[in-house]
Every structure is written in structure tokens, then in C-alpha cells.
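The values are calculated or read from the model by the stated rules, or taken from the named source; none is laboratory data. All of these numbers come straight from a predicted model, not from anything done at the bench. In this analysis, Cβ positions are derived from the backbone assuming ideal geometry, glycine residues included, and neighbour counts consider all displayed protein chains. Note: areas computed on protein heavy atoms with side chains; ligands, DNA, RNA excluded. Shrake-Rupley method; radii C 1.70, N 1.55, O 1.52, S 1.80 Å.
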Amino acid sequence: MARSQLATQPIVEALAPQLSLKAQIAKTIDIEDIFRTCFITTDRASECFRWLDELRILKQCGRIIGPRNVGKSRATLHYREEDRKRVSYVKTWSASSSKRLFSQILKDINHAAPTGKKQDLRPRLAGSLELFGLELVIIDNADNLQKEALLDLKQLFEECHVPIVLVGGKELDDILQDCDLLTNFPTLYEFERLEYNDFKKTLSTIELDILSLPESSNLAEGNIFEILAGSTGGRMGILVKILTKAVLHSLKNGFSKVDESILEKIASRYGTKYIPLENRNRNE
């Protein structure tokens, strides 16, 4: 009886193909572009979207409060992009006045006359929001607004009844309380860091749909997961920056996946203060 050819064939390990230098650079640029332009859906963001939908139905103002780098801006901007005709989104500058803010919103809704005197802008905006079919106005970095701008927003809502949502850090609540305006933006959504299961799901999505490297990095497992969880604290903004750099350095060093030692080195140095060499030696 003839022996099976499968029994005599040697086992050959399939190695992931290494990328050329040109391909490494192209791949990194591609990943950076996807991170910059695409929105990564998380359970936290989806919950926030449902909350915003409710405010539109109830015609109530509110505020989204959370720490930096958790994805508040990306989430609210994406929400607007999904419904541009009915949602306005603006991001305020430092010490923004009523005039500057209302001019920004008028430009965002493509009003033909977005500039003018302060006393003319609010009534113009109030008359335009409902006329243009707007159902929600989102103001990001709202803790940059001057007191007069916050007071004028209260008046704007009373005139047009289009809900206004303020987005910012915990300082925003302090500012509103000092202005006696907390009850005018009563509904709160706490946009916190990603929880354990949400973080794992997000890492799996990033690995499959964004990185797509020749070899699996297993970001949501083992020590790599612990490194990412510990260094980012579940904050999307930091996660994206650390991963992008780790991919670049891993590819440059000939790896076909995110290398654990490279990731750990980058993560340990991200956001740390400079310590002079003599002080470092003294602590050793």
C-alpha cells in the first residue's frame, strides 16, 4: 500500500511577508490617515448618540462633560457629519465672545450673512435655526466661552427653542454654576474613559479594520493589552497616538506586527515629564 504523500511532506512554517521601506512608509501614512478621518465606533459613543437623539426629540439643552482625550470631540463631530442638514457643530476659541460664536454658527449653517454687529447676530441666528431646519447646536470646548456668550446662548434657546449642547471638561460645570446657568443646560452626559469590555472591542476593531498588518498583533490580549490599558487609561486620543507611533517603529525594525517591546518603550515615554540626567542617576 502506497504511503500518503501528506505523511512524508515536511512541515513548512508560513512566514508573514516583510514590507519594504517604501511599503512601510506608505502603510504608516495610510494608518495615520484612517485614524484622522475615520470614526471608530465605541459603546460609549453610541450611548452618547442615543442621548443626543433624545435631546432633539425633547427639545432640551444639555452638556457633555468628560476628561481630555476620551473622544468627546471626535464623537460629537461624527454625530454632526451623519446629519449635517439638521445638526450644527462649532469648536470655540479661547475667550470666545457672543459675536465670534454666533458668527461661527452662522457660517456653519451656510447663512448668507454670517458677520455683523453683535446686536444683530443673535436675532439673525435665532430666526435662521428653525427656518434652516436645524434641530441641534453642538458647541465644543464650551469652557472657552465668555460669560456674556453663555448668557446669550440661554437667550438664544428661549427665542428659537432649538436645543444647545455644550461640550467640555469639568471646568465647564464650574463656569455654568458661577453664572447661575447650570439649570439652563440641565441634562448631563458623562463622557468617561472606555470601560474594560469596550476597550477590548475597540482594540479588536482597530487591529482588524485599521491596522491590517501582515501578522496579528493580538492587541486585545495578554501583556500588549495590559500595556495599552495602563498607558492610555482607556482614553481614545492617547491610544491612537501611541499605536500610530508603535506601528511605524515596529515596521521600521522589520516586524510585521506591533512589537511588544517597542510598544512598551513608546508607551512608557508618552506624556512623561523630562527629568535631567543627574536627577535620574541620583534616583537609581
State to the nearest 20 debye the size of the charge dipole of segment 221-276 about its Cα centre, where the only charges are +1 on K and R beta carbons and -1 on D and E beta carbons.
340
Taking each pair of different alpha-carbon atoms in segment 170-211 once, compute 1/r for the pair, average those values, and report the inverse of that mean as the Kirkwood hydrodynamic radius in Å to one decimal.
13.1
Nearest 500 deg cm²/dmol is fine: what mean residue ellipticity at 222 nm does the chain get from its DSSP H runs of n ≥ 4 alone, each adding -39,500 (n - 2.57), divided by its residue count?
-16000 deg cm²/dmol
Size of the chain as Cα extents on the principal axes (Å, biggest first)
92, 63, 34
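For the pairs K117/K147; K22/K91; K85/K154; K27/K85; K27/K273, note any where the Cα-Cα span goes beyond 27 Å.
Among K117/K147; K22/K91; K85/K154; K27/K85; K27/K273, the Cα-Cα distance tops 27 Å for K22/K91; K27/K85; K27/K273.
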Pairs of alpha-carbon atoms within less than 8 angstrom and 6+ residues apart define the contacts here; what relative contact order does the chain have, in percent?
25
Answer with one residue from L131, N141, A113: the one whose Cα lies farthest towards the positive end of the charge dipole of segment 60-206, charges on Cβ with Lys, Arg +1 and Asp, Glu -1.
A113
How large is ³J(HN,Hα), in whole Hz, for each residue of segment 23-38 in order, when computed from phi with the Karplus curve 6.51 cos²θ - 1.76 cosθ + 1.60 and θ = phi - 60°, using x for Gly and Pro?
5, 4, 5, 4, 5, 5, 4, 4, 5, 4, 5, 5, 4, 6, 9, 9
For the chain, find the longest principal axis of its Cα atoms and tell me its angle to the long axis of helix 196-205, 0 to 90°, nearest 10.
70
Please report, in cubic angstrom per residue, the volume enclosed by the convex hull of the alpha-carbon atoms of segment 190-284.
124
If only Cα atoms are counted, what is the Rg of segment 85-141, and what is its Dmax, in Å?
10.5, 30
Leaving ligands, DNA and RNA out of it, report the carbon-plus-sulfur percent of the accessible area of segment 34-144 at a 1.4 Å probe.
49
Any idea what angle helix 236-252 forms with the longest principal axis of the chain, computed on alpha-carbon atoms, 0 to 90 degrees, nearest 10?
30
Tell me the Kirkwood radius of segment 42-155: reciprocal of the mean inverse pair distance over distinct alpha-carbon atoms, in Å.
14.7
Accessible area in square angstrom per residue, segment 163-263, 1.4 angstrom probe:
45
What size of dipole, in debye to the nearest 20, comes out for the chain about its Cα centre when the only charges are +1 on Lys and Arg C-beta atoms and -1 on Asp and Glu C-beta atoms?
820
Per the 1.4 Å probe, what fraction of the accessible area of segment 147-284, in percent, lies on carbon and sulfur atoms?
48
